[in-house]
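Data block below; observations after.
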């Protein structure tokens, strides 16, 4: 007989999980690349790049860029354009705010995004009080798919990775959580609009945040 497990905390990604920024980030990157007379192959969509750091995208899809100066210029231009996008404060996904208020367990964010961008969105939408902390996988914390961010979050919560639930939208994020030892991972798909058969990991799909309440207790 399976026993019921009550999870003790929820860890959320940010881009593609709190806000629907992945399609916009892809558009911004294409716009940026055009300034450098570069473009993706026609079959590439944002689904191919979800959760992937820009430097990794450049290394994979534009291996002929040998100049570090050019790479740094692209990264600076991209960063500038993303900052412009966040000036207008992106909207939250539907039903997220209500769901956060109904989950009593501690919640935190583990993301490759800049902490100041995350904070701006949380404060604007008045949901910062729902999160105990934000871990930005920058500088001394290796970005996903490294497990560092999720390991650090579990340590701050004083919990085992098997005690937490992770909500991700990308293979890189799921790989990160798995490598950290997390067993229960949901892939948020925004009613499958952000889902693709290109994805490697076949985690349970979370199509709408209202459904997350049904998983507060799970059979294991």
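The values are calculated or read from the model by the stated rules, or taken from the named source; none is laboratory data. Remember, predicted model here, so these are calculated numbers, not experimental data. Please note: Cβ atoms are built from the backbone with ideal geometry, for glycine as well, and neighbour counts cover all protein chains shown.
The table below gives the values:
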quantity: Residue count, segment 190-202 (criterion: closer than 17 Å to residue 214 by Cα and buried (at least 18 other Cβ atoms within 10 Å of the Cβ)); calculated: 1
quantity: Given (1) assigned to a helix (DSSP H, G or I); (2) outside the structural domain of residue 199 (by TED's automatic domain parsing); (3) buried (at least 19 other Cβ atoms within 10 Å of the Cβ), index of the condition residue 59 fails; calculated: (3)
quantity: Residue 43 being within 29 Å of residue 191 (Cα to Cα), out of contact with any helix residue (DSSP H, G or I) (no Cβ under 9 Å at 6 or more places or on another chain) and at pLDDT below 95; calculated: yes
